[in-house]
Amino acid sequence: MKRTKAPHARKSAGNAPARFKVGDRVRVKDLPNMFYSRTQMYARGVSGTIAACTYQDLIPEDEAFNQEGRLEQYYIVRFRQKDLWEEYPSEKDTLQTEFPDRWLEPA
Amino acid sequence: MSQRSELRQQYEIIGSLQPAIHTPQNWNYEIPSALYRAYMHPPHDVGGQRDVPVHYEEKEEEQWELNTYVTCEVLAWRGVWNAEERRRRADNDLGYTLYLGMPYYGRWIWAAARMLVDKNHISLTELLEKIAEVKSRYEAH
Amino acid sequence: MQTTHQHAGGGHEHKAAPTVEEITDFEVLEIAVRELAIEHGLFTAEDHRRFTEWAESIGPAAGSRLVAKAWTDPAFKARLLADGTAACKEIGIDWAEPTGFGTPSDYMNFRVLEDTPTLHHVIVCTLCSCYPRPLLGMSPEWYRSTNYRRRLVRWPREVLAEFGLILPPEVEIRVEDSNQKCRFMVLPVRPSGTENWTEEQLAAIVTRDCMIGVALPRPGRTADVHPVHKARHPVHSSPSMRAAE
């Protein structure tokens, strides 16, 4: 099927730099939370490992309000369940979820 | 959250925010910072909140639900909104009572209606008159 | 009180329009929004019909075929793990459909999560109900529930046990919280007892629950069994509820 342009094709003043690669240790930032975010409460302040680099896109806090912005690199970050939940019984189990670049800092 | 104790406290407070059918009027001039944080918390972020085992079930899809899904997707296809805006509206903007109380696709169609009015594609009066007119089509003869 | 009537020469009856007691508030609102949108030129009835056609074409059979092919063709499996979106085209699923740039909600970033004997994946979207519709169709009601979304990330072994899936502690359970634009599906371990099976035989035991990760495929298990809540006006049963054709 011929690919046609998506409505509201994103303008970007250049892409934000991708700061991380697979294997890097990162911590999820706990930026102030109002109105909308896709960075989960349970992950904020927790450290994990970059499991994959996925795509570049607008951050959800911008896209949800039709704000134009820069495209950012998204990453899948893997956590030990024991680091997320104090009472988690198994050392082995993990959880992974996805964040744009700005939500992560080096751990 | 760097302290897991703060996360625990947030879960406690958020877990106690239940849809209120009636509450006595309560003038708060100040609220603790932890309560402020809980109030600001986007309702859709539920991962890790406590809940009980239930009997999970499937549901046969209603015609209106399929129509709703298609309407919402087609509105995005034609550039009126995007799916992220839909999620913001249908999963957060309507507040806890409607978020936890309305049917899944009920939130979708509510969000589409609200968006059309917010963005001045239709007036609220137009929407209300149309609803009344649709209802009148189904009145008993 | 509505009465049915017969057309001359036909003898067929048509179902009377629902009365005010029968039509629900959501049915009214849905009709109102759709008609207003069309009246204002925001989309056409033909747009709605085309997208409906796509929505009615999807289902978990595509995912089952994808898994069966990966189980029998190691080179395909490698391509699938390297680029999930591209590999889907080999089984006739184009993530760009029906708009040319993907559906507004499902995007075009499909990734397969490969299970091994010591690693089992299970998928949830804690924030809403993101789901790989082009491969699996519409999500089940329980997947959308606040209950599943609250519990699976924190108590996965307990929730899986409720589905009848109990894994030994040596197996790592990895929860995928599908919270952005990637869409995921589990590629389960091919069970023993399926040696020399055809792709069709294999696909038959790969049910939707296996591809979410709440069940494991095994010979003889060809259906996900859950109670089904019936609809009041199911799809295609109410001509007056149907969108313009």
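So here's what we get for this one:
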| read-out | value |
| --- | --- |
| Qualifying residue in region C:71-78 (condition: more than 30 Å from B:LEU124 (Cβ to Cβ), within 13 Å of chain B (Cβ to nearest Cβ), surrounded by fewer than 20 Cβ atoms within 10 Å (Cβ to Cβ) and of a type in the set (Phe, Trp, Tyr)) | no |
| Residue in region B:10-28 that is within 13 Å of the chain's Cα centre (by Cα), at the interface with chain A (Cβ under 9 Å from one of its Cβ atoms) and within 24 Å of C:LEU152 (Cα to Cα) present | no |
| Scope region B:1-49; condition of a type in the set (Lys, Arg) and either on the phi > 0 side of the Ramachandran plot or modelled with pLDDT under 95 (or both); matching residues | B:ARG4, B:ARG8 |
| Sole residue being more than 9 Å from every other protein chain (Cβ to nearest Cβ), more than 25 Å from C:ALA86 (Cα to Cα) and modelled with pLDDT under 95, chosen from A:LYS11, A:LYS29 | A:LYS11 |
| Test: residue in region C:200-216 that is closer than 29 Å to C:PHE26 by Cα, modelled with pLDDT of 95 or more and exposed (fewer than 15 other Cβ atoms within 10 Å of the Cβ) | no |
| Residues being under 16 Å from B:TYR69 (Cα atoms) and either surrounded by 23 or more Cβ atoms within 10 Å (Cβ to Cβ) or more than 7 Å from every other protein chain (Cβ to nearest Cβ) (or both) - total across region C:94-127 | 5 |
| Which numbered condition C:MET241 misses (of (1) under 27 Å from B:GLU62 (Cα atoms); (2) at pLDDT 95 or above; (3) of a type in the set (A, V, I, L, M)) | (2) |
| Leading residue by the ranking (nearest to the other protein chains (Cβ to nearest Cβ)) among those in region C:154-165 that are out of contact with any helix residue (DSSP H, G or I) (no Cβ under 7 Å at 6 or more places or on another chain) and aliphatic (A, V, I, L, M) | C:ALA161 |
| Enumeration of residues in region B:76-125 that are β-branched (Val, Ile, Thr) and in contact (Cβ under 8 Å) with a residue 60 or more places away in the chain | B:THR97 |
| Helices (runs of 4 or more DSSP H) completely within region C:24-131 that count 3 or more residues being at negative phi, among the aliphatic types (A, V, I, L, M) and outside the structural domain of C:VAL206 (by TED's automatic domain parsing) | C:25-39 |
| Residues (within 8 Å of another protein chain (Cβ to nearest Cβ), hydrophobic (A, V, I, L, M, F, W, C) and assigned to a helix (DSSP H, G or I)) located in region C:132-150 | C:TRP142 |
| Residue in region C:159-170 that is in contact with a Cys (Cβ under 6 Å, 6 or more places away or on another chain) and surrounded by 20 or more Cβ atoms within 10 Å (Cβ to Cβ) present | no |
| Subset of region A:85-95 [more than 13 Å from chain B (Cβ to nearest Cβ) and in a strand (DSSP E or B)] | A:THR94 |
| Output for region C:71-100, where each listed residue is without any contact (Cβ under 8 Å) to a residue 60 or more places away in the chain and among the β-branched types (Val, Ile, Thr) | C:THR85, C:ILE91, C:ILE93, C:THR99 |
| Filter pass, B:ARG86 being touching a helix residue (DSSP H, G or I) at 6+ places or on another chain (Cβ under 8 Å), surrounded by fewer than 23 Cβ atoms within 10 Å (Cβ to Cβ) and under 27 Å from C:VAL33 (Cα atoms) | no |
| Residue satisfying all of: in region B:93-125; touching a His at 6+ places or on another chain (Cβ under 9 Å) and within 9 Å of chain C (Cβ to nearest Cβ); farthest from C:VAL33 (Cα to Cα) among these | B:TYR99 |
| Single residue of B:TYR36, B:TYR56 found to be surrounded by fewer than 19 Cβ atoms within 10 Å (Cβ to Cβ), more than 7 Å from chain C (Cβ to nearest Cβ) and under 22 Å from the mean Cα position of the chain (by Cα) | B:TYR36 |
| Scope region A:62-84; condition facing chain B (nearest Cβ under 10 Å), surrounded by fewer than 23 Cβ atoms within 10 Å (Cβ to Cβ) and in contact with a strand residue (DSSP E or B) (Cβ under 9 Å, 6 or more places away or on another chain); matching residues | A:ASP83 |
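The values are calculated or read from the model by the stated rules, or taken from the named source; none is laboratory data. Note that this is a predicted model, so its numbers are computed, not measured. Neighbour counts run over all protein chains shown; Cβ positions are idealised from the backbone, glycine included.
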